[in-house]
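Heads up: the structure comes next, in structure tokens.
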């Protein structure tokens, strides 16, 4: 993996390498001939954990074990040397990798790559923010030891933490310009901000909390015409509703803390990339297998590793992802339809509503995976996720009165839970970016973000109704 790992190959080391090559060939064949033919739900349930793994290695455990160990032991010095030179599969040290994180990564790579003809791989991270850092940093390195101007082009409608990372950590602290796209549906605006120093395009869809969206294929084609990658944050949609790699994106970042870990048991992230991605960075390893490259090199040194217990907890939550996204999307639509008719509501931002300006665009991309193979539907079905926002009539004071009146819905800076959660972005998730930044991203002070959980929608609506009555 690493260009500077030159080790002398002894006969015994070569035997380990040959044995590993056979294992990898068998695994690749298993993926190609078996796993790639499964439906989405089957991949989510099983991933690459097999009966053979369980019987031969883990005393028959039908659930992936949690490897609570800091390090891996080796048979001898030759195996250790081969492993640390990344010439054989290894986990070595849990800052670098761990068997539990491998099972999580393999499953998520397959889910994000479901329906994609090529190959995908995944690098787990300790959070969604570290996933963004992991995805972006490799493209910002200097060319030929010369620190020339560098810039990235990104959608202004994005999570507040993303705005801070790009504005403060990249632009203010490192001098890397971030060129914000205000109308992500305008391809000409994207194109006008790209020049010879642009390293990547970055977009969030649907955006948190405004429900921004853009044409993934068009923006990916634009990026590739300039020999740069498109990175998409698809946290809100999850691979159950949208898989940007299938439409041309090079990399997907997931704050798996959110919907992928719907139980709320911990913080987790992931970077999923297609192999042989597009970039103007002269680095064959980066292009060939981005996720593995950043895992074994960049993240080995930065250390944003995922805890093995969290990997398995998230993996367990992912097993029922499709059915949860279907249920919560349907409930969110019912809630949105209630709110758009309520006299105390100024506006509702939900892509599923037919009168939303981005409804038609989102409907081209957001589909419940495998609905056409589902006995319940038997045809393609649009689903728009369980995140929405709305503006309370009467301004910020009325919004806070409503918010404080909620009884069943939790007040927290969280989303993606099995329980419904609400927040006011202007005083929470997007507070730090200031009024100017919030205006740029179209986040007014009376906006409430609501993530609908798995409760019965009638009970969610009843709580919203009583709280709105108190705000009158």
Quick one: count up the residues across the range 346-366 that are in contact with a strand residue (DSSP E or B) (Cβ under 6 Å, 6 or more places away or on another chain) and either modelled with pLDDT under 95 or surrounded by fewer than 18 Cβ atoms within 10 Å (Cβ to Cβ) (or both).
3
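If you scan the range 428-455, which residues turn out to be more than 26 Å from residue 329 (Cα to Cα) and either assigned to a helix (DSSP H, G or I) or at pLDDT 95 or above (or both)?
Going residue by residue through the range 428-455, those that are more than 26 Å from residue 329 (Cα to Cα) are 431-440.
Listed by number, the residues that qualify are 434, 435, 436, 437, 438, 439, 440.
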Unique match (being surrounded by 22 or more Cβ atoms within 10 Å (Cβ to Cβ) and assigned to a helix (DSSP H, G or I)) among 135, 154:
135
On the basis of being out of contact with any strand residue (DSSP E or B) (no Cβ under 8 Å at 6 or more places or on another chain) and in a loop (DSSP other than H, G, I, E, B), does residue 466 make the cut?
no
Only one of these conditions is not met by residue 62: (1) part of a helix (DSSP H, G or I); (2) modelled with pLDDT of 95 or more. Which number is it?
(1)
Condition broken by residue 380, with the remaining ones in (1) touching a strand residue (DSSP E or B) at 6+ places or on another chain (Cβ under 8 Å); (2) modelled with pLDDT under 95; (3) surrounded by fewer than 17 Cβ atoms within 10 Å (Cβ to Cβ) satisfied:
(2)
Looking only at the range 183-203, which residues are touching a helix residue (DSSP H, G or I) at 6+ places or on another chain (Cβ under 7 Å) and either assigned to a loop (DSSP other than H, G, I, E, B) or closer than 22 Å to residue 427 by Cα (or both)?
183, 185
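Is it true that residue 385 is touching a helix residue (DSSP H, G or I) at 6+ places or on another chain (Cβ under 9 Å), surrounded by 15 or more Cβ atoms within 10 Å (Cβ to Cβ), more than 16 Å from residue 206 (Cα to Cα) and modelled with pLDDT of 95 or more?
Details: touching a helix residue (DSSP H, G or I) at 6+ places or on another chain (Cβ under 9 Å): yes; surrounded by 15 or more Cβ atoms within 10 Å (Cβ to Cβ): yes; more than 16 Å from residue 206 (Cα to Cα): no; modelled with pLDDT of 95 or more: yes.
In short, no.
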Mind checking whether some residue in the range 76-91 is outside any loop (DSSP other than H, G, I, E, B), surrounded by fewer than 22 Cβ atoms within 10 Å (Cβ to Cβ), at pLDDT 95 or above and in the same structural domain as residue 184 (by TED's automatic domain parsing)?
no
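Just one of 422, 336, 362, 399 is under 27 Å from residue 437 (Cα atoms), out of contact with any helix residue (DSSP H, G or I) (no Cβ under 6 Å at 6 or more places or on another chain), assigned to a strand (DSSP E or B) and outside the structural domain of residue 162 (by TED's automatic domain parsing); which is it? Even if it seems obvious, please write down each step before you answer.
Working: 336 fails: assigned to a strand (DSSP E or B); 362 fails: assigned to a strand (DSSP E or B); 399 fails: assigned to a strand (DSSP E or B).
None of the others qualify; the one that does is 422.
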Scan the range 181-200 and tell me whether some residue there is in contact (Cβ under 8 Å) with a residue 60 or more places away in the chain, within 21 Å of residue 272 (Cβ to Cβ) and crowded, with 16+ Cβ neighbours inside 10 Å.
yes
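Please go through the range 299-315 and give me each residue that is within 19 Å of residue 71 (Cα to Cα) and assigned to a helix (DSSP H, G or I), ordered by number.
Result: 299, 300, 301, 302, 308, 309, 310, 311, 312.
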Being farther than 22 Å from residue 281 by Cβ and under 18 Å from the mean Cα position of the chain (by Cα) is true for just one of 206, 138. Which residue is that?
206
Condition test on residue 193, is it over 24 Å from residue 385 (Cβ atoms) and at pLDDT 95 or above?
yes
What's the total number of residues in the range 230-260 that are part of a helix (DSSP H, G or I) and crowded, with 24+ Cβ neighbours inside 10 Å?
4
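The values are calculated or read from the model by the stated rules, or taken from the named source; none is laboratory data. Since the model is a prediction, treat every value here as computed from it, not as a measurement. All Cβ positions, even for glycine, are placed from backbone atoms using ideal geometry, and neighbour counts span all protein chains on display.
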